[in-house]
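Please read the structure below before turning to the comments.
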Amino acid sequence: MSATATAGRVAAAASAAERPPVSRLSVFGALLRRDVRVARRELPYFLVRTIMQPVLFLIVFGFLLPKMGFVQAGYTSALLPGILAVSLTLSSVQSVALPMVQDFGFTREIEDRLLAPVPMQLIAIEKVVAGALQGVIAAAVVLPIARVIMGPIPDLHLANVPWILGVTLLGSTLFASLGLWIGTVISATQIGLMFSIIIAPMLMFGCAYYPWRGLDAVPAFKYGVLVNPMVYVAEAMRGALTPSLPHMPLAVSCAAMGGLTVLFLWLGLRTFRRRSLS
């Protein structure tokens, strides 16, 4: 080996030794910026995917049926918080579960991220954070659209901005954590089951289109739907946006969302680690 090559290797080793180690926070930020850039590039598809169903429900139940007199005009006050819950639910779950299923598919695209110099659990948490941000964006987009479609909404109270933002962020984090668990449990061939067996029943029995207190007439359903995490998001939205209407106590719904977030995140991290090592 020549003296020049030896000197070059020594200089490279010295430079590497002097270079400060990359912090976990900087790697986390780089991964998050990448996901944000991808989401921004696919923004039109993201909006169509996440707000199409809520907007259709707004047109039918928030505009057409009240105009035809089939539902009372005040129904829009109970419907709006539930529609926001639907929008953030669909966005948060899909933005985490669908890419996760693809990453753990036949091509194992997750391997690229696992090479990052951070614990693998931090990679999963970054996906949850990115999904929660997309859920917040979806709710923020649907709210003004709902106001335009439904017109004046009785009992709508937008003064509690901290509560509204907190409930939206907590609900988005809850369903992003659920998306992490779903995306690491099911395979690509079973992705259709996620919508037919999990998402569809969760939306229909999640008190999005009717208040939870309205189920007093059907006690079996009133307590049976409490296993559905969307119930707490929809009721927390009602407590923040329409506090004058009957709703589940805001503290109870927020506490339930916090506990379910911890549960789903723990389950998702376990299955993420198991799938990554398999």
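Computed from label points 7 Å out along Cα-Cβ, the spacing between residue 270 and residue 149 is 3.9 nm. Most tightly packed first, judged by the mean number of other beta-carbon atoms within 10 Å of their residues, the peptides 168-174, 264-270, 92-98 read 92-98, 168-174, 264-270. Per-residue Cβ neighbour counts within 10 Å put 70, 272 in the sequence 70, 272, beginning with the fewest. A crude spin-label estimate for the pair residue 63 and residue 38, with each label 7 Å from Cα along the Cβ direction, gives 3.4 nm. Describe numerically, in nm with one decimal, the distance between label points set 7 Å from Cα along Cα→Cβ at residue 49 and at residue 158. Here the modelled spin labels are 2.9 nm apart. Taking θ as phi - 60° and the Karplus parameters 6.51, -1.76 and 1.60, the scalar couplings of segment 175-190 work out to 7, 5, 5, 4, x, 4, 5, 4, x, 9, 9, 8, 9, 4, 6, 10 Hz in sequence order, x denoting glycine and proline.
The stretch between residue 191 and residue 204 holds 2.7 nm of extra length on full extension. This uses 0.36 nm per residue minus the Cα-Cα distance. Centroid-to-centroid, using Cα positions, segment 167-224 and segment 84-156 are 15 Å apart. Relative to the current alpha-carbon distance between residue 30 and residue 70, full extension at 0.36 nm per residue lengthens the span by 9.2 nm.
Charge dipole (Cα centre; +1 on Lys/Arg Cβ, -1 on Asp/Glu Cβ; no other charges) of the chain amounts to roughly 420 debye.
Quick note: the coordinates plus some simple rules give every number you see, no bench work behind them. Predicted, not measured: the structure shown is a model, and the values here were computed from it. Positions of Cβ are generated from backbone atoms using ideal geometry, with glycine treated the same way; all protein chains shown enter the neighbour counts.
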